Amino acid sequence: MLHLHRYIFCGKRRLREGQVESGRYHVYLGNACPWCHRVMLALVLRGLLPHISVTNAVDDAERASRGGWVFDTPEPVFGARDLRHAAA
């Protein structure tokens, strides 16, 4: 039997001071990905952008090692030049 859950959201959930640990998270965002745009909007609207570092990836098959996502600047966590090297 399939059970579906209904989630109800009323109002805005505010983060209390100290709930977010600055520098703990890093997000990779692709320029052509609609889900990445939603993540960026959520970071901005929730006021999390000062606490979470972001690396923007560009869809450039010519510059990437095997096609796909490449970084315009060196990626700060692993020093990778494309997403393949960051995920390896």
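Worth pointing out:
- Counting the residues of the stretch 37-88 that are over 16 Å from Gly23 (Cβ atoms), surrounded by 13 or more Cβ atoms within 10 Å (Cβ to Cβ) and either of a type in the set (Gly, Ala, Ser) or within 13 Å of the chain's Cα centre (by Cα) (or both) gives 11.
- Inter-residue pairs, beta-carbon under 8 Å, first touching a residue at least 40 places away in the same chain (Cβ under 8 Å) and within 13 Å of Val27 (Cβ to Cβ) and in the stretch 66-86, second exposed (fewer than 15 other Cβ atoms within 10 Å of the Cβ) and of a type in the set (A, V, I, L, M, F, W, C), 6+ apart: Ala86/Val77; Ala86/Phe78
The numbers here are math on the coordinates, done by the rules we state, and not lab data. None of the values given here were measured: they were computed from a predicted structure. Counting neighbours? That spans all protein chains shown, and the Cβs are built from the backbone with ideal geometry, glycine included.
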